[in-house]
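Reviewing the structure listed below.
The values are calculated or read from the model by the stated rules, or taken from the named source; none is laboratory data. Values in this document were obtained by computation on a predicted structure and should not be read as measured data. Glycine also receives a Cβ, built like all others from the backbone with ideal geometry; neighbour counts cover every protein chain displayed. The protein model used for the area step is the full one, side chains on, heavy atoms only, and it has no ligands, DNA or RNA in it. Shrake-Rupley method; radii C 1.70, N 1.55, O 1.52, S 1.80 Å.
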Amino acid sequence: MAEVTRRSVLRSLSAVPAASIATGMAGFPLIARAAEFSYKYGNNLPVTHPLNIRAQEAADRILKETKGRVEIKIFPNNQLGGDTDMLAQVRSGGIEFFTPSALVIATLVPVAAINATGFAFSDYNQVWSAMDGKLGAHVRAAIGKMRLYAFDKMWDNGFRQTTSSKAPVASARDLDGLKIRVPVSPLSISMFKGLGAAPASLQFSEVYSSLQTKIVDAQENPLPIIQVAKLYEVQKFASLTNHIWDGYWFVANGRAWDRLPPDLKTIVAAAINDAGMQQREDIRKLNDSVITDLQAKGLQINRPSADSFRAKLRESGFYAEWKGRFGNEAWGLLEQTVGKLA
């Protein structure tokens, strides 16, 4: 057998990933060591989205700080299926981590949709005060009953804004009879009906053509989605109504989380929560740049007050209905932050 030279060993090392080298034994021969806990994390966003960028940083930090014992492999952009599929998989243990939006996990834990109550939050200070505080703890406890572990810090999906081809939405009166596309969400449909609009639930893939052909005259989404989907081509006005805030819960399969020793749990939780805080700041900066870009593309931007919308929802019974659905305890925690709604 040919003698193994130092040069040939160095050549073989150059083809080995750095992470494998870092976790191998010093000297030769190199012994690759598999992670003690190898977990999969699925989400529905592109790899370039701040959520995935920060999640990868968290995974790298976890691998380093656990000395290779915990490895998290990220599967972005619906590679593992749609939201419903991944929610089922994280419950069964098919994947160990998932970031459903509050409206998605609300299909399993109804109270999780409370942060999407119409015109509840006036700004991010209120959002984070509630979701990092008692209301968030209440929702996490409800998620825990479904044998899922929810990390302390929610990640940001942004406030939803309203666009229209007809006129700016300056007050609740401007929504009267407006044909507006909304997602297939009971909360969204209920809110826009309460505001006097004519909501139509359509899949997102149908939004552009429906606006173009005037099946609907308006739609609502976070600003980055309005930008990426080029809805400015078929809409004239963007009203920063901030009518719904939605975020992502970073959740783990309960059994997989419980398998981690306490010291590893501490490392994983710290890395994921810190990454979530950084992602929040990324989204804030992104929203500022998107407004400038949309204005440059011809969208007229206005910033209405929430007062008339809240008054209309109160009058129509929307808040009373959803207080009953979410329960007095959760509703009381929401109102501790935002003031009286119902």
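Overview of results
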read-out	value
Relative packing of peptides 170-181, 289-300, 213-224 - highest average C-beta neighbours within 10 Å first	213-224, 170-181, 289-300
Relative packing of 202-209, 191-198, which averages over residues the other C-beta atoms within 10 Å, highest first	191-198, 202-209
For a label point 7 Å along the Cα-to-beta-carbon line of Arg173, residues of segment 295-317 with backbone N under 19 Å	302-316
With every protein chain in place, the chain: carbon and sulfur % of accessible area (1.4 Å)	54 percent
Qualifying aspartates and glutamates (Cα of each under 16 Å from Cα of Lys134; at least 8 residues distant if same chain)	Asp152, Glu329, Glu335
Global geometry of segment 47-91, whether rounded, prolate or oblate, following the gyration tensor of its Cα atoms and the 1.5 cut on a/c	oblate
Between segment 88-111 and segment 130-192, the alpha-carbon center distance in angstrom	17 Å
Per-peptide average of other Cβ atoms within 10 Å, ordering 157-168, 322-333, 61-72 highest first	157-168, 61-72, 322-333
